[in-house]
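A short reminder: the numbers here are calculations on the coordinates, not readings from a lab. Bear in mind the structure is a predicted one, so any value in this text is a computation, not a measurement. As a convention, Cβ positions derive from the backbone with ideal geometry for all residues, glycine included, and neighbour counts pool all protein chains shown.
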Amino acid sequence: MAACFLRLRRYNRFRSSKMMKECLQFLIEPAKNLKIRLKESRKRVRNEKKQPLVENQLFIMELARELNRMCQRSNVLGHIWTCEDIWPPLLCRAFILEWGSVLESKERPMQTDGWPGKRDWKRQLLGMLEQGSEQDVETSKRIILDWTRDMKNRPEQHAVWPGEPVVLMLDDLETQWRKGRMPNLLSAMELVMWAMLTEGQDKETIPQQWLARKQRCQNIDATGYIPHTVWNWICDAAAEVTLDPDTANPDLVISHDDKRMRCGFERKDVPNYHQRFDGWWCAVAVEGFTSGRHYWEVEVGERDWRLGVAKESALRKGYKSLNTQTGYLTLRLERGTELKALTVPFTPLPQGLIPRKVGVYLDYEEGQLSFYNVEKRSHIYTYCETFTEKLYPLFGTVEIIKDLVIRSAGTRDHCFCRGPCLWG
């Protein structure tokens, strides 16, 4: 009996040991496969980096090397010519054509401010890209090379020092690039060139001038990331904005603090003021602006909303389109997937730009109304025109569950409730 019991114990011990080995094998095998895949991935990346660069990529790397020498106390552009930040050939080509056009415009005495207008610049650049003329690319390269030689040959190196705000902004761009929030260091290179071109002006305002210029030339997704110093400058223009119940469509429900609204289930019996919307589900703010910089943030729904400004003379009755022809500069989301700027005709925007929290920035004197994704701190769209009358912030929604909420600029609300918030 004792011998049988001993054999049984040995068998169970053997069986247990075998099961443990099988379990360990089950756990180790996927790890081995993962390690093999990671090695293959790293090897593939190394091979891709070893591929020879095309001529335009080499030109960009050499240009970055020269700019890096000029930009003292910042080595961010060094990552471009050490192959850490490789741009696609088409992007390099577009960059060369753009800056060749910009530098050529700077040399023209007929230009009042030295910069091409948005429409002329955009038409010229698109024409160059479509024609695919290598002669245009070579001409742009010569213009850029002449400019860099001129900058290098100046007797006083400090004359091209971009300033401390630019260096801080470059450090911020490099940090975001390393975190994977920027696909490349294109913005850093543009910023340095812009700083060199605007010498003699207040260096403290160069980052702001850079953003305004980018939004004027490229009104859609001008920059994937807005640097910290520029974002703070935008937020410094935070304005108190409240909904005007006397302008709200009778179907809209507005909170007691005039900061949030949604579409109700019943149409309210309210006075039919001439300034009230009776067609589209919209309202404007009490505050109107005729000068200065103003910024406000809005939490939006997931299905349908519109934001922007309405000119004082814009009609509010009926269902006439609320677009640039009728006095409205707005951004609109329809059916949860169609984001558009209501120009004439409307301008469709990529789905990747759809935000959950929108920053609206009005610079009256600059003639710009810009929309930003607050959470990603990125640019969505900019209207550029000359403002001549009072502008009222505009808000619209047809959602009955999700409120459209005006938030104080820069605030972050944290809720610790499990599930729906218990505090409303």
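Listed values, structure above:
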| quantity | calculated |
| --- | --- |
| Reference-scaled alpha-carbon Rg (2.2 N^0.38 Å with N residues) for region 338-380 | 1.22 |
| Computed over region 320-361, the ratio Rg/Rh where both radii use C-alpha atoms and Rh is Kirkwood | 0.97 |
| Full-extension gain in nm, Ile400 to Phe265, via 0.36 nm per residue minus C-alpha separation | 47.8 nm |
| Ratio of Rg to Rh over region 309-395 (Cα coordinates, Kirkwood Rh, two decimals) | 0.95 |
| Relative intensity, log₁₀ I(q)/I(0), of region 175-295 from a Debye sum that treats every alpha carbon as a point, q = 0.18 Å⁻¹ | -0.95 |
| Calculated on alpha-carbon atoms, Rg and Dmax of region 213-281 in Å | 18.2, 48 |
| Average projection area in nm² (convex hull over Cα atoms of region 225-359, one quarter of hull surface) | 9.3 |
| Spatial extent of region 268-307: Rg and Dmax, with the Cα atoms as the point set, Å | 13.6, 37 |
| Principal axis box of region 284-350, alpha-carbon based, largest edge first, Å | 33, 26, 20 |
| Average Cα contact separation per residue, region 176-309, under 8 Å, 6 or more apart, as relative contact order % | 20 |
| Region 301-340 residues near the modelled Lys390 label - backbone nitrogen below 14 Å, point 7 Å along Cα→Cβ | 310-314 |
| Overall Cα dimensions of region 270-424 - principal axes, largest extent first, Å | 48, 38, 28 |
| FRET efficiency for Arg181 and Glu240, using Cβ-Cβ distance with R0 set to 35 Å, rounded to 0.05 | 0.65 |
| Compactness relative to 2.2 N^0.38 Å, alpha carbon Rg of region 353-410 | 1.26 |
| Peptide ranges 211-222, 91-102, 345-356 listed from the most packed, as the mean C-beta count within 10 angstrom indicates | 91-102, 211-222, 345-356 |
| Spin-label pair Val344/Ser321, simplified geometry with 7 Å Cα→Cβ offset, distance in nm | 0.8 |
